[in-house]
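Undergrad: Pasting in a structure now, in structure tokens, and then I'll have a few things to ask.
The values are calculated or read from the model by the stated rules, or taken from the named source; none is laboratory data. Only a predicted model underlies this, so the values are computations on that prediction, with no experimental measurement involved. Counting neighbours? That spans all protein chains shown, and the Cβs are built from the backbone with ideal geometry, glycine included. Protein only, heavy atoms only, side chains kept; ligands, DNA and RNA dropped before computing areas. Shrake-Rupley method; radii C 1.70, N 1.55, O 1.52, S 1.80 Å.
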Amino acid sequence: ALELQTERLKLDTDLKTTDMRRLLLFRELHLLKEFEKRDVALASRLENKRQEKSDLVLRISECQERLTAKRTEIEKLLAKDKEIMAEYNAAVGENNKNAEALQKIFRKKVKRPKKKAADADADDADEDYDSEAESGSEDEDEDSDLDSDEEEVCPPGCDPALYERVCELRLKRLDQEDVYAEFQRSIEALKKENDGLIKKEKALDAALLETDRDIESFQNEKQRKLNELSVVVSLHLSQLRHLNARGQLPADLAECLVFTHDGLARLSNRIGELVEEKAELRKRQKDLRRKKDQLAKERKQKLARNEDLEARALDVQLLKFGQQVDLDSLNNYTVNKGAEELREKVALLDHKQQRQLAKWDARIKQAKQDLVRATTASTQGLERVAALLESQAGLETVLNKTQKAGSAISVPSSGQEEAVERGRLVQMVKLQGKEIDALKVEINMLRRKGGHVYSPAPPVPAPQQEMLEPSVGPDGQY
């Protein structure tokens with residue numbers, strides 16, 4: 001009956017603990033639902049910003065690729081300009097008497113007829129308007145061309161064929177300049193677009209950073225709200241020590257704290273440690289004061305000696321030179337060859353030592369890597385030894401149980417089979433012992449090489465029970 005009552009009490013305790021745990025989980029769920037909308041909004045905001053950033057990066061890369069292609073085409077245009085200049089130089093020659101006049105003609109800018117661009121799918125009104133505009137521009141161009149033809153004549157004594165060739169090369173050069181100017185305008189437009197995209201990227205980075213901060217602040221707020229929820233902890237009566245004079249718990253436990261045995265012992269020991277630290281600090285303070293007084297006396301003596309030496313030096317300067325000499329400026333005006341040579345030697349020695357230090361640093365780095373490898377190998381060996389020792393202990397336990405069972409059980413069994421099994425187990429234990437000895441020899445060799453061997457970690461002690469202790473104020477009052 002007592003066992004059933006104890007079991008019933010345990011069951012009631014577990015049920016109450018489960019109910020309290022379920023109530024805590026319900027409160028956490030309610031709190032998380034309150035934060036769900038804001039959490040989803042921040043997550044969608046972050047996702048949208050990241051998507052915008054990826055799209056913007058793609059546009060920037062495309063713009064840069066187009067800029068690179070335009071620059072390549074400009075290089076081709078420049079090469080073509082060089083070809084035109086080479087053709088002009090080859091046509092005119094070096095010793096041509098009309099070279100200067102031909103150069104002026106070649107460099108002269110003239111108006112040329114614009115290229116006609118007709119669209120077959122355009123409306124009739126648009127075609128009429130374009131034709132009128134083109135006819136007017138053609139008339140103007142023809143008039144200007146006529147004026148230019150009337151102004152320009154073949155230089156006297158120049159070959160007409162050469163003059164026509166120079167005019168053709170001039171037209172080619174002007175066409176190339178127009179194409180080059182068009183490319184320059186497109187490059188400027190691409191640069192402006194690229195700069196605008198970069199500014200947008202910076203703004204997006206700032207927005208992403210701000211979003212990350214908002215999410216972090218939101219998560220901290222959510223965690224703070226979750227931490228404010230009360231958690232129920234089941235304690236044994238033996239763990240309750242906050243009792244009044246009548247041996248009862250007080251009505252209000254709001255100011256109580258839960259401590260482990262080790263935590264309370266550390267707090268108690270800390271009082272003595274603080275007293276010892278205070279005494280040590282006072283002793284150090286006395287020593288520092290004594291040292292300060294001693295240094296002050298030595299400083300006074302040094303100052304008096306410096307004044308005496310300065311007075312003697314002034315007397316010597318007045319006797320020799322009749323005035324006070326500034327030694328610092330004198331050292332600046334004079335060149336000390338010995339000091340310069342020493343400085344050069346020091347610089348060379350410093351350079352040499354720096355190279356040696358670099359070599360030694362490389363050797364030290366290699367040695368550290370070797371040390372890490374040796375340490376890893378030795379640690380693996382130790383782990384293997386520990387596993388073998390554990391296996392050996394298990395085999396010995398099984399062997400002892402087998403021997404005891406063989407002597408206790410009265411069931412008839414074959415003595416020959418039991419002897420064979422015992423012999424097999426003994427042989428396995430011997431083999432494992434030899435393997436352990438071989439691993440120990442290998443570990444000792446690694447230790448001689450300078451590797452550090454780490455022993456396996458000791459078993460973790462079982463957690464101590466918690467107990468309820470009263471909180472103690474700074475004045476020692478409960």
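Undergrad: All but one of (1) of a type in the set (D, E, K, R); (2) in a loop (DSSP other than H, G, I, E, B); (3) open to solvent by less than 60 Å² (accessible area, probe 1.4 Å) hold for Glu28, so report the exception by its number.
TA: With (1) of a type in the set (D, E, K, R); (2) in a loop (DSSP other than H, G, I, E, B); (3) open to solvent by less than 60 Å² (accessible area, probe 1.4 Å) applied to Glu28, the lone miss is (2).
Undergrad: So for the stretch 380-394 (the condition being modelled with pLDDT of 85 or more and of a type in the set (Lys, Arg)), does at least one residue qualify?
TA: Checked the stretch 380-394: at least one residue is modelled with pLDDT of 85 or more and of a type in the set (Lys, Arg).
Undergrad: I would also like to ask the following. Say we look at the stretch 254-300 and pick out the residues that are open to solvent by 100 Å² or more (accessible area, probe 1.4 Å) and aliphatic (A, V, I, L, M); which of these is farthest from His236 (Cα to Cα)?
TA: Among residues in the stretch 254-300 that are open to solvent by 100 Å² or more (accessible area, probe 1.4 Å) and aliphatic (A, V, I, L, M), the one farthest from His236 (Cα to Cα) is Leu288.
Undergrad: From (1) open to solvent by 90 Å² or more (accessible area, probe 1.4 Å); (2) at pLDDT below 85, pick out the condition that doesn't hold for Arg22.
TA: It is condition (2) that Arg22 fails.
Undergrad: Answer with yes or no whether Arg71 is assigned to a helix (DSSP H, G or I), touching a Leu at 6+ places or on another chain (Cβ under 6 Å) and open to solvent by 80 Å² or more (accessible area, probe 1.4 Å). Give the steps one after another, and end with the answer.
TA: Working: assigned to a helix (DSSP H, G or I): yes; touching a Leu at 6+ places or on another chain (Cβ under 6 Å): no; open to solvent by 80 Å² or more (accessible area, probe 1.4 Å): yes.
So Arg71 does not fit the description; no.
Undergrad: Can you give me the number of residues within the stretch 368-397 that are free of Cβ contacts under 8 Å to residues at least 40 places away in the same chain and of a type outside the set (Lys, Arg)?
TA: 12
Undergrad: Tell me, yes or no, whether the stretch 234-248 has at least one residue that is open to solvent by less than 90 Å² (accessible area, probe 1.4 Å), in contact with a helix residue (DSSP H, G or I) (Cβ under 9 Å, 6 or more places away or on another chain) and either of a type in the set (Ser, Thr, Tyr) or under 28 Å from Thr6 (Cβ atoms) (or both).
TA: yes
Undergrad: Still on this structure: Taking the stretch 185-233 as the search range and keeping residues that are open to solvent by less than 60 Å² (accessible area, probe 1.4 Å) and touching a Cys at 6+ places or on another chain (Cβ under 9 Å), which one is farthest from Leu31 (Cα to Cα)?
TA: The qualifying residue farthest from Leu31 (Cα to Cα) is Leu190.
Undergrad: Condition first: in contact with a Gly (Cβ under 9 Å, 6 or more places away or on another chain), surrounded by 10 or more Cβ atoms within 10 Å (Cβ to Cβ), hydroxyl-bearing (Ser, Thr, Tyr) and assigned to a helix (DSSP H, G or I). Can you find one or more residues in the stretch 381-392 that meet it?
TA: Checking the stretch 381-392: not a single residue is in contact with a Gly (Cβ under 9 Å, 6 or more places away or on another chain), surrounded by 10 or more Cβ atoms within 10 Å (Cβ to Cβ), hydroxyl-bearing (Ser, Thr, Tyr) and assigned to a helix (DSSP H, G or I).
Undergrad: Right, next: Kindly check whether there is at least one residue in the stretch 146-161 that is touching a Lys or Arg at 6+ places or on another chain (Cβ under 8 Å), at pLDDT 70 or above and of a type outside the set (Ser, Thr, Tyr).
TA: yes
Undergrad: Any residue at all in the stretch 235-245 that is modelled with pLDDT of 85 or more and basic (Lys, Arg)?
TA: Restricting attention to the stretch 235-245, the residues satisfying the condition of being modelled with pLDDT of 85 or more are none.
No, the stretch 235-245 has no match at all.
Undergrad: Leu229: part of a loop (DSSP other than H, G, I, E, B), touching a residue at least 40 places away in the same chain (Cβ under 8 Å), closer than 30 Å to Ser44 by Cα and touching a helix residue (DSSP H, G or I) at 6+ places or on another chain (Cβ under 6 Å), yes or no?
TA: yes
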